[in-house]
Amino acid sequence: SSFGEKTFDDEQFEQISSCMAESSSILPQSSDASWEKGFLGYYVLQTRPEATDPWGGSGKSQWDELNPTPLYFNESLQNITVYEPCNFLSSWAFYRNIPEICAAKDEYKIQKNEQTAIVETLAMMGVSAAMFHASNTHLGGRYDTLGISLFSFIALQIMNTNLASLAPENGSEILLGLSTDPRTKTAFEVSNDMARLVLDYETGDWVTQLSGMDMPNYFESFTGIGITCCMIALKFKFIVIPLATLLTDLLDVPDDAVDLIFEKYIPALENSLNQVSITFPERVMVFRAFWGIMIKFLFAFLWQEQTFDAPFIYNPIFKAIGAVLMPYINSFANLFTGLKHFTPSIQNAKNVYPGDKKCRTIGTHSKWHEEAANGLVDVTYIAFRISGITLAGDKKVSSVSEYISAICFCLSLGLLLVSPLFLLIVLLVFIAKSYKFNKMGNVAKYKSNEVSGDNHAYDYRIVKLV
């Protein structure tokens, strides 16, 4: 095979299926429906002459891959055209992180409703990204972008729940939903609605239902998450404001949302944090995690194509270098975060999805999928940590070893700031920022570079999860 493995690792597949069943009573059925009714059903519907959202779209790709490849499902559907095979396969990275959540539930004190929402959303992101990159359809694109908005919404609510309970009037709605008015549903309820949508509605109704989901977009939620982390880690608002300005500019947050963040979100957050006792080691822990996660996301966004207008990422040599660097970037970021992981192969960038060795080397957007999935899990981990340290009335005394560890980290960071490695990272970030930043979701450019390799019929379990 030109893409490596023809079938999934059986043990990996069983771990994913088991965690899905443990996390949500409806998820196995919902996931199957996503593939059978959604992916397969939409393929059959939109390859007819009267198709309104034709499979393959305009025949072009928004991403650095266009290599129509047949997917074998069964005797009736032997040649489903997958237009972006590496981007399609790398969508499995979201599924691959599902067992990580089940393994981490005791370490991070994950409640059942939180586990359910996170696992449901990771499964949704896996199938929606696969559907979009296989089909280039309007429905696929809408389904795909909603997943990351929901995931970031869940993380924001986990992180800010205790702080919201301390907020003044309207502060709770602002901290939990980035809105002056209450959201119609919590992130956990939206996740359940998403899981049920594929069971209760035909694909022709999905766009309407998806458009009715009430949640902030992911730029806004990630900005809120970042500001909460910075306010806890750095404590003083006069330090956080310039960072918040940089973050809103970097993420191209709409003006009305920027006004809400500075005029409502930050004051409400400050008010709540003033009522909570947070120790120096806890602030260092949040600081470490935030910047470690930022390292992963800077690397991920580099390969997203529509974020930084950086033409060098399309060079085959740079693609190969990116593949080699990925496990080292993960190790360096994990050294910063101090977060505990339970799936070494994900951090080592090995056996994350079928064909990953080749797709990681020759692909661009496939690296985004893999590293973004990795970073999103870290976002939930720091959300759980912050939820744990922001309990009102919780009088905490950090141990001597925790203080020593925090001080040692600060000293090490000081040395790192003057090291050649840090200067290199700063240089790379500066180079990346020197290119025009394009808001994700707008088409920066169309790419139609074909990825070399023979067509390959993939194992049917990418389509049916049992």
(request) Please calculate the 1.4 Å probe accessible area of H138, with all protein chains present, and give it to the nearest 10 Å². (result) 120
(request) Please list the non-local residues whose amide H lies under 5 Å from the amide H of S61, H modeled 1.01 Å from N, same-chain partners needing a gap of 5 or more. (result) K447
(message) As a test of understanding, state the convex hull volume per residue of the stretch 29-102 from its alpha carbons, in Å³.
(response) 125
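Kindly give the semi-axes, whole Å and largest first, of the ellipsoid equivalent to the stretch 193-311, taking each as the square root of 5 times a Cα gyration tensor eigenvalue.
Values: eigenvalues 191, 77, 49 Å².
Rounded to whole Å, the semi-axes are 31, 20, 16.
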(request) Kindly write out, for the stretch 328-337 in residue order, the coupling ³J(HN,Hα) from the Karplus curve 6.51 cos²θ - 1.76 cosθ + 1.60 (θ = phi - 60°), rounded to whole Hz, with x marking Gly and Pro. (result) 6, 4, 4, 5, 5, 5, 5, 4, 5, 5
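Step through the table entries K235/K296; K105/K185; K112/K264; K37/K319; K296/K340; K60/K357, compare each Cα-Cα distance with 27 Å, and write down the pairs that go over it. Don't skip to the end; give the middle numbers.
Working: K235/K296 24 Å; K105/K185 24 Å; K112/K264 31 Å; K37/K319 35 Å; K296/K340 15 Å; K60/K357 25 Å.
Over 27 Å Cα-Cα: K112/K264; K37/K319.
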(request) Keeping every protein chain in place, order Y265, Y83, Y328, Y218 by accessible area at 1.4 Å, biggest value first, i.e. largest first. (result) Y328, Y83, Y218, Y265
(request) Return the whole-Å distance between the Cα centroid of the stretch 316-381 and the Cα centroid of the stretch 188-247. (result) 23
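Could you give the dipole magnitude of the stretch 47-135 about its Cα centre, charging the beta-carbon of Lys and Arg +1 and that of Asp and Glu -1, in debye to the nearest 20?
On the way: 6 positive and 11 negative charges, 20 e Å.
Its charge dipole is roughly 100 debye.
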(message) Keeping all protein chains in the complex and leaving out DNA, RNA and ligands, what accessible area do you get for K358 with a 1.4 Å probe, in Å² to the nearest 10?
(response) 60
(request) Under 1.5 on a/c is rounded, so check that first for the stretch 76-161, then, if it is not, pick prolate when a/b is larger than b/c and oblate when it is not; a ≥ b ≥ c are the square roots of the alpha carbon gyration tensor eigenvalues. (result) prolate
(request) Relative to the compact-globule scaling 2.2 N^0.38 Å, provide the ratio for the alpha-carbon radius of gyration of the stretch 227-386. (result) 1.16
(request) Give a residue-ordered list of calculated ³J(HN,Hα) values for the stretch 30-40 (Karplus: 6.51 cos²θ - 1.76 cosθ + 1.60, θ = phi - 60°; whole Hz; x for Gly, Pro). (result) 5, 5, 4, 5, 4, 7, 6, 6, x, 5, 5
(message) Please list E263, E107, E65 from largest to smallest accessible area, probe radius 1.4 Å, with all protein chains kept in place.
(response) E263, E107, E65
(request) Could you list which residues have their amide H under 5 Å from that of T69, counting only those 5 or more apart in sequence or on another chain, with H placed in the peptide plane? (result) V82, Y83
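Is the shape of the stretch 240-297 rounded, prolate or oblate, going by the alpha carbon gyration tensor and its root eigenvalues a ≥ b ≥ c, with a/c under 1.5 for rounded and a/b larger than b/c for prolate? Kindly include the intermediate steps, with their values, before the conclusion.
Details: a/c = 3.25, a/b = 1.21, b/c = 2.68.
Oblate.
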(request) Give a residue-ordered list of calculated ³J(HN,Hα) values for the stretch 294-308 (Karplus: 6.51 cos²θ - 1.76 cosθ + 1.60, θ = phi - 60°; whole Hz; x for Gly, Pro). (result) 4, 4, 5, 6, 4, 5, 5, 5, 4, 9, 7, 6, 9, 8, 9
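What accessible area per residue comes out for the stretch 302-392, rounded to a whole number of Å², with a 1.4 Å probe?
33
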(request) Quick one: which residues, 5+ away or cross-chain, put their amide H under 5 Å from the amide H of N351? H built at 1.01 Å from N. (result) none
(request) Note down the accessible area of W291, probe 1.4 Å, to the nearest 10 Å². (result) 90
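Going through the stretch 85-192, which trypsin sites (Lys or Arg not before Pro) have at most 14 other Cβ atoms within 10 Å and a DSSP loop state? Walk me through the numbers on the way to the answer.
Values: sites: R96, K105, K109, K112, R142, R183, K185; in loops: K105, K109, R183, K185.
Passing sites in the stretch 85-192 are K109.
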(request) Assuming a ≥ b ≥ c are the square roots of the Cα gyration tensor eigenvalues, decide whether the stretch 169-252 counts as rounded (a/c under 1.5), prolate (otherwise, with a/b larger than b/c) or oblate. (result) prolate
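The values are calculated or read from the model by the stated rules, or taken from the named source; none is laboratory data. Computed from a predicted model, the values in this text were never measured in an experiment. When we count neighbours, we look across all protein chains shown, and the Cβ atoms used for this are built from the backbone with ideal geometry, even at glycine. Ligands, DNA and RNA are stripped out before the accessible areas are found, and what is left, the full protein with its side chains, is counted by its heavy atoms. Shrake-Rupley method; radii C 1.70, N 1.55, O 1.52, S 1.80 Å.
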